[in-house]
Amino acid sequence: MAETEQQSSDWLGLSGRVCVVTGGGGGIGRTVALSFAQAGTRVAAIDLDERGLEITRAELGKLGADHVIARCDTTDVESVTAAAATIEKSLGPCNVLVNTAAVLRPGALDTLSLAEWNAVLSVNLTGYFLCAQVFGRQMHVLGRGSLVHVASIAGSNAQGQSGAYSVSKAGVIMLSRQLANEWGPHGIRSNVVSPGMVITPMSQAFYDTPGVTERRAAVVPLRRVGMPQDMADAILFLASDRASYVNGEEIMVDGGYANMLMNLVPRPGFE
């Protein structure tokens, strides 16, 4: 293959790199893992969901042999450390970490239990920190790396009745900025993708209600609800060398929904 053809086939510059995806047993995480594999990386998908991981393993197997899965509790530092060691032994040190693992526990703040509050923060925020810290050590040794964290538009726009979810996602955005600040001098970037309305296993119940998909699509300028692949495409860009000077940023992938606020203000004669 000619040099120009090789460059074209690896436009993202990700070929051969080791990419770790948390929450890789389903939803956005599985789509991200498969997309990275298609881009030529060696993928490690980690999750607590063993059944979901086996499905991911089968799908990754269709894309090559240099991929692994590992059961991992991202809220437990010993579990993350063990998974990191296993992955490094199998594939090599981590070049890219994508944090997607998340839970949603709805509830009003006046009645929300401390246990429910802590459960969401533990997965959605502390888990991101632990994975960044553990896999980041491998990046520090390499002298380069990229972290992409999946937050949510709910991290910048308070979502009532969602328990600690909005708070946890706001924390992810700030965690990423701090990582970018502290680790940038070591050649390690940290960025965020914040999905808008997107159909995932976690949100599927909403869309199973008749009329909800149509109503949600109607308030998005692009007039459709997002899919996991929309998120994966943005994540691949941020992880790649094509974003080598992007650090500490948040990309909202919401079809333009977050910019619709002024459309809610009555303006007679302008509708």
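No value in this document is a laboratory result; all are computed from the given coordinates. None of these values were measured; they are calculated from a predicted model. Methodologically, a virtual Cβ is constructed for each residue, glycine included, from the backbone with ideal geometry; neighbour enumeration extends over all protein chains shown.
Could you tell me which of rounded, prolate or oblate describes region 210-258, using a ≥ b ≥ c as the square roots of the eigenvalues of the alpha-carbon gyration tensor, with rounded for a/c under 1.5 and, failing that, prolate when a/b is larger than b/c and oblate otherwise? Here region 210-258 falls in the prolate category. Gain on full extension, evaluated as 0.36 nm per residue between Asn118 and Ser90 minus their Cα-Cα distance, stands at 6.7 nm. Over region 14-255, the alpha carbon radius of gyration divided by the compact-protein estimate 2.2 N^0.38 Å works out to 0.96. For the chain, the longest piece that avoids every one of the chymotrypsin sites (Phe, Trp or Tyr not before Pro) found in DSSP loops with at most 12 other C-beta atoms within 10 Å covers 12-244. Cα centroid separation, region 240-259 to region 70-87: 28 Å.
Taking only the C-alpha atoms of region 1-157, Rg followed by Dmax gives 16.6, 64 Å. Summing +1 for each Lys or Arg and -1 for each Asp or Glu among the other residues whose beta-carbon sits under 11 angstrom from that of Gly23 gives -1.
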